[in-house]
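The values are calculated or read from the model by the stated rules, or taken from the named source; none is laboratory data. What you see is a predicted model; the values in this text were computed from it and never measured. Using ideal geometry, Cβ is built from the backbone for each residue, glycine included, and neighbour counts are taken over all protein chains shown.
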Amino acid sequence: MIQALEKPITYVKGVGPKKAEAYERLGITTAYDLLCHFPRDYIDYSVNVPIAQAPTDEPCAVKARLVRKLAPAFIRRGLTVFKAVMTDGSDDLTLIIYNAEYQFRSLCEGREYILYGKLSGSVVRREISSPLILPADSPDLIQPVYRLTEGISQNIIRQNIHSVLDSIGGMIYEPLPKSLMQSCGLCSLDYAFENIHFPRDSHALSVAKRRLVFEELLTLRLGMGLLRVKGRKATGCRMEKKDISSYYESLPFELTSCQKKAIAEICDDMCRSWPMNRLVQGDVGSGKTAVAAGAACFAAANGYQTALMAPTEILAHQHHETLTSFLEPLGIKVALLTGGLTARKKTELKEKIKNGGYSVIVGTHALVQQTTEFARLGLVITDEQHRFGVEQRDVLASKGENPHKLVMSATPIPRTLAMMFYGDLDLSVLDELPAGRQKIETYAVTGKLRERAFGFIRGRLDEGRQAYIVCPMIEENDLELQSVKEYAERLERQDFRGYRVGLLHGRMSAADKDSVMRRFKEHELDLLVSTTVVEVGVDVPNAVVILIENADRFGLSQLHQLRGRVGRGQYKSSCILVTDNVTEDSVKRLKILSRTSDGFRISEEDLKLRGPGDFFGNRQHGLPRLKIADMSSDTELLRLAQSSADGILAADPTLALPEHAGLRELAERLF
């Protein structure tokens with residue numbers, strides 16, 4: 001990187017302290033940051049239409065000659081309207097500008113301009129108000145559009161970026177090896193920066209974008225590879241081969257072949273001299289907890305403790321219950337440590353954990369508290385890892401001597417995405433459902449059929465079964481939708497009068513949530529009305545119907561997760577998706593869910609429709625945000641970047657070779 005780009009933004013011509021402060025709100029502190037503030041869109045003035053063919057409902061560009069200016073009209077104090085008549089040779093157009101006298105004066109009669117905006121008026125008399133105006137002979141006919149903040153306009157950003165590009169004068173350092181650029185057909189970084197901001201034409205823009213997207217994806221993959229190497233410090237928890245056949249024999253069911261394979265991979269990993277770093281990724285109900293129990297059994301056989309951290313108390317309770325039933329018959333003691341315990345109980349429990357009284361400790365954030373100490377922590381398991389910050393996972397791992405790490409995720413993620421975002425982890429995929437899991441019939445209906453759906457649910461409740469109704473509201477002050485509380489009360493008074501209705505939402509205390517889930521599990525409630533907190537709820541084999549209100553508000557992967565709350569017992573189960581949004585996109589999405597129960601296929605479709613945010617949320621589990629690459633549309637470049645990065649890392653795992661110095665700098669900068 002050349003030194004000029006590393007300097008503070010105030011070194012850029014035209015940027016003083018006030019503008020620098022505004023730029024900081026956009027995450028821009030250096031000239032290099034400014035170059036990497038890529039346009040979010042472009043206005044293409046080169047594609048224009050005749051006035052007669054211009055649509056009235058969407059912006060477009062028209063080329064016209066200014067015929068004459070009309071006298072200004074002073075409407076009221078502070079409002080002056082300037083008008084001009086323009087023509088494209090066949091039709092006329094009235095240009096209207098409000099208050100911008102300087103701009104109006106700069107326009108010349110007889111000169112051609114390109115106007116960009118929405119046209120209005122009739123076929124006979126067309127007009128355009130406050131359009132963007134560009135001289136028709138301008139060399140920059142494709143104009144960038146940037147994300148802004150108060151104090152920074154489009155023109156300011158364009159001028160400042162021009163200044164940076166002029167100051168470096170084509171002398172920017174090229175971080176990619178020449179051989180890589182040739183084999184992948186990439187343009188230079190100079191050309192890419194110039195044409196991503198000020199493209200000569202659409203082809204130049206496409207070439208520039210391809211280079212920058214590739215570089216960003218390559219850098220992410222290389223960075224993950226460096227993290228993997230960095231994680232290979234010696235572990236103080238190297239284990240030995242142990243026979244855990246007693247675990248398999250004690251289970252009341254047969255594990256699937258992919259569950260057995262995952263446990264074998266985990267046990268092999270824990271016998272190496274460096275710590276395991278593995279992701280077990282499975283569909284809803286694929287049996288990840290049984291895999292975690294097998295791993296904990298192996299660790300216990302080696303004399304090590306296991307800590308399993310869950311994102312919610314409900315899920316921690318579920319894991320504790322399951323692990324206890326799997327492991328305690330083998331003499332492996334399992335503890336539950338959550339924030340909901342009394343201070344006295346917590347102190348007693350922590351003392352026993354510290355003295356090795358428990359081999360497996362399940363908990364929430366209480367596990368990472370300073371006062372929680374372990375006797376011999378050898379395995380750390382995190383469930384739904386993207387819900388935790390990187391720091392929390394690191395703090396838990398620091399309580400042992402570089403222990404082994406296992407991550408579980410019930411969000412099926414397309415393999416290409418998993419390899420990129422979890423590139424520092426080895427991957428085990430559970431793509432087989434355990435025997436006995438019921439196929440869930442899924443129906444997408446409009447609100448007109450809601451009463452019929454309620455009748456269907458009542459029929460199941462009368463048979464002694466239970467049901468969920470899920471709403472997308474999160475807070476009770478959500479004005480757009482009835483609050484969950486009012487909705488549940490109305491159902492109890494009207495449609496489900498005489499049935500036992502419970503309510504579960506995110507604003508309840510952990511103790512209240514646990515109480516409601518326990519009552520539902522023990523069939524003290526027939527119907528549970530809930531927000532999405534039920535997504536990670538306790539398994540209730542007697543629940544056979546889930547109705548999801550406003551289903552269009554959820555991502556496909558989340559709907560699939562919610563659907564997995566039923567079909568966990570011996571009874572035929574159903575999922576009813578209710579929506580009044582019958583747009584083409586909404587119908588298409590819900591049809592996908594009705595047709596397939598394969599979470600991995602659903603995730604591929606979700607990726608195409610919504611992009612990667614649906615899988616990782618805003619935080620992307622501590623990874624850097626992408627500035628230009630789009631995981632859902634840049635799949636070809638994603639594969640090319642992955643294979644290129646893997647080839648580089650195979651030959652040079654730490655990027656220590658001189659020709660890889662630029663790549664190492666990119667990876668370190670990104671992380």
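To keep it simple, each residue is scored yes or no on (1) modelled with pLDDT under 85; (2) touching a His at 6+ places or on another chain (Cβ under 6 Å); (3) not in a helix (DSSP H, G or I).
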{"position": "Lys588", "(1), (2), (3)": "yes, no, no"}
{"position": "Asp614", "(1), (2), (3)": "yes, no, no"}
{"position": "Pro624", "(1), (2), (3)": "yes, no, yes"}
{"position": "Leu640", "(1), (2), (3)": "no, no, no"}
{"position": "Arg664", "(1), (2), (3)": "no, no, no"}
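One residue stands out among those in segment 338-363 that are over 12 Å from Gln305 (Cβ atoms) and hydrophobic (A, V, I, L, M, F, W, C): the one that is surrounded by the most Cβ atoms within 10 Å (Cβ to Cβ), which is Leu349.
Residues are listed down the side, and each one gets a yes or a no for (1) closer than 25 Å to Pro199 by Cα; (2) surrounded by 12 or more Cβ atoms within 10 Å (Cβ to Cβ); (3) not assigned by TED's automatic domain parsing to the domain that holds Arg125:
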site: Lys7; (1), (2), (3): no, yes, yes
site: Lys19; (1), (2), (3): no, yes, yes
site: Tyr32; (1), (2), (3): yes, yes, yes
site: Thr56; (1), (2), (3): no, yes, no
site: Ala61; (1), (2), (3): yes, yes, no
site: Ala64; (1), (2), (3): yes, yes, no
site: Gly78; (1), (2), (3): no, no, no
site: Thr87; (1), (2), (3): no, yes, no
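Within the option set Lys288, Lys261, Lys233, being of a type in the set (D, E, K, R) and in contact with a Phe, Trp or Tyr (Cβ under 9 Å, 6 or more places away or on another chain) holds for one residue only, Lys233. Could you list, in sequence order, all residues of segment 162-204 that are crowded, with 20+ Cβ neighbours inside 10 Å, β-branched (Val, Ile, Thr) and assigned to a helix (DSSP H, G or I)? Residues satisfying the conditions are Val164, Ile196.
Can we say Glu249 is at negative phi and outside any helix (DSSP H, G or I)?
Details: at negative phi: yes; outside any helix (DSSP H, G or I): no.
Spelling it out, it is not the case that Glu249 is at negative phi and outside any helix (DSSP H, G or I).
Any chance you could count how many residues in segment 351-374 are more than 15 Å from His317 (Cβ to Cβ) and assigned to a loop (DSSP other than H, G, I, E, B)? Give the derivation first.
Within segment 351-374, the first condition is being more than 15 Å from His317 (Cβ to Cβ), and the residues that meet it are 351-359, 368-374.
Imposing the further condition that a residue be assigned to a loop (DSSP other than H, G, I, E, B) reduces the set to 355-359, 369-374.
Here the count works out to 11.
Screening His197 against (1) at pLDDT below 95; (2) touching a strand residue (DSSP E or B) at 6+ places or on another chain (Cβ under 7 Å) leaves a single unmet condition, (1). If you take the residues in segment 428-475 that are outside any helix (DSSP H, G or I), aliphatic (A, V, I, L, M) and surrounded by fewer than 16 Cβ atoms within 10 Å (Cβ to Cβ), which one is modelled with the lowest pLDDT? Applying the filter and picking the extreme gives Ile474.
Among residues belonging to segment 309-344 that are under 18 Å from Ala262 (Cβ atoms) and at pLDDT below 95, point out the one that is farthest from the chain's Cα centre (by Cα). Among those residues, the one meeting the criterion is Thr322. Residues in segment 263-280 that are more than 21 Å from Met224 (Cβ to Cβ) and either outside the structural domain of Lys233 (by TED's automatic domain parsing) or of a type outside the set (Ser, Thr, Tyr) (or both): Ile263, Ala264, Cys267, Asp268, Met270, Cys271.
Return a yes/no flag: does segment 218-236 have any residue that is under 30 Å from Gly569 (Cα atoms), assigned to a helix (DSSP H, G or I) and in contact (Cβ under 8 Å) with a residue 60 or more places away in the chain.
Of the residues in segment 218-236, the ones under 30 Å from Gly569 (Cα atoms) are none.
Taking every residue of segment 218-236 in turn, none turns out to be under 30 Å from Gly569 (Cα atoms), assigned to a helix (DSSP H, G or I) and in contact (Cβ under 8 Å) with a residue 60 or more places away in the chain.
Summed over segment 57-82, residues that are within 22 Å of Tyr45 (Cα to Cα) and either touching a residue at least 60 places away in the same chain (Cβ under 8 Å) or not hydrophobic (A, V, I, L, M, F, W, C) (or both) total 6. Filtering segment 292-314 to residues that are in contact with a Ser or Thr (Cβ under 9 Å, 6 or more places away or on another chain) and either under 13 Å from Glu432 (Cα atoms) or polar (S, T, N, Q) (or both) leaves Gln305, Thr306, Thr312. If you filter segment 252-262 down to residues that are in contact with a Ser or Thr (Cβ under 9 Å, 6 or more places away or on another chain) and in a helix (DSSP H, G or I), you find that the one that is surrounded by the fewest Cβ atoms within 10 Å (Cβ to Cβ) is Lys261. Among residues of segment 313-350 being not β-branched (Val, Ile, Thr) and not in a helix (DSSP H, G or I), the one that is farthest from Thr371 (Cα to Cα) is Gly331. The set of residues from segment 142-161 being part of a helix (DSSP H, G or I), of a type outside the set (Lys, Arg) and buried (at least 16 other Cβ atoms within 10 Å of the Cβ) comprises Ile156, Ile157, Asn160, Ile161.
Scan segment 486-521 for residues that are in contact with a strand residue (DSSP E or B) (Cβ under 8 Å, 6 or more places away or on another chain), part of a loop (DSSP other than H, G, I, E, B) and either of a type in the set (Lys, Arg) or not assigned by TED's automatic domain parsing to the domain that holds Val470 (or both) and jot them down.
Residue satisfying the conditions is Arg500 alone.
Contact map, segment 122-134: residues that are in contact (Cβ under 8 Å) with a residue 24 or more places away in the chain paired with residues that are surrounded by 15 or more Cβ atoms within 10 Å (Cβ to Cβ) and basic (Lys, Arg), Cβ distance under 9 Å, separation 6+ or inter-chain. Pairs shown: Glu127/Lys83; Ile128/Lys118; Ser129/Lys118; Pro131/Lys118.
Taking first residues from segment 561-587 that are among the hydroxyl-bearing types (Ser, Thr, Tyr) and partners that are surrounded by fewer than 23 Cβ atoms within 10 Å (Cβ to Cβ) and part of a loop (DSSP other than H, G, I, E, B), the Cβ contacts under 6 Å between residues at least 6 apart in sequence or on separate chains come to Ser573/Gln438. When Tyr304 is tested against the conditions (1) in contact (Cβ under 8 Å) with a residue 12 or more places away in the chain; (2) at positive phi, the lone failure is (2).
Residues are listed down the side, and each one gets a yes or a no for (1) among the aliphatic types (A, V, I, L, M); (2) surrounded by fewer than 22 Cβ atoms within 10 Å (Cβ to Cβ); (3) modelled with pLDDT of 75 or more:
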residue: Ala375; (1), (2), (3): yes, yes, yes
residue: Gln392; (1), (2), (3): no, yes, no
residue: Ser398; (1), (2), (3): no, yes, yes
residue: Ser409; (1), (2), (3): no, yes, yes
residue: Pro412; (1), (2), (3): no, no, no
residue: Arg415; (1), (2), (3): no, yes, no
residue: Ala418; (1), (2), (3): yes, yes, no
residue: Tyr422; (1), (2), (3): no, no, no
residue: Asp426; (1), (2), (3): no, yes, yes
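Within segment 94-119, residues that are in contact (Cβ under 8 Å) with a residue 12 or more places away in the chain and β-branched (Val, Ile, Thr) sit with their Cβ atoms under 8 Å from residues that are buried (at least 17 other Cβ atoms within 10 Å of the Cβ) and assigned to a helix (DSSP H, G or I), at 6+ positions apart or across chains, in these pairs: Ile97/Phe104. Where strands (runs of 3 or more DSSP E) fall entirely within segment 39-130, those with at least 1 residues that are of a type in the set (Val, Ile, Thr) are at 41-44, 60-69, 73-76, 79-87, 92-98, 112-117, 126-129.
Only one of the numbered conditions (1) touching an Asp or Glu at 6+ places or on another chain (Cβ under 9 Å); (2) at pLDDT 95 or above; (3) more than 30 Å from Pro177 (Cβ to Cβ); (4) buried (at least 19 other Cβ atoms within 10 Å of the Cβ) is not met by Phe214, and that is (3).
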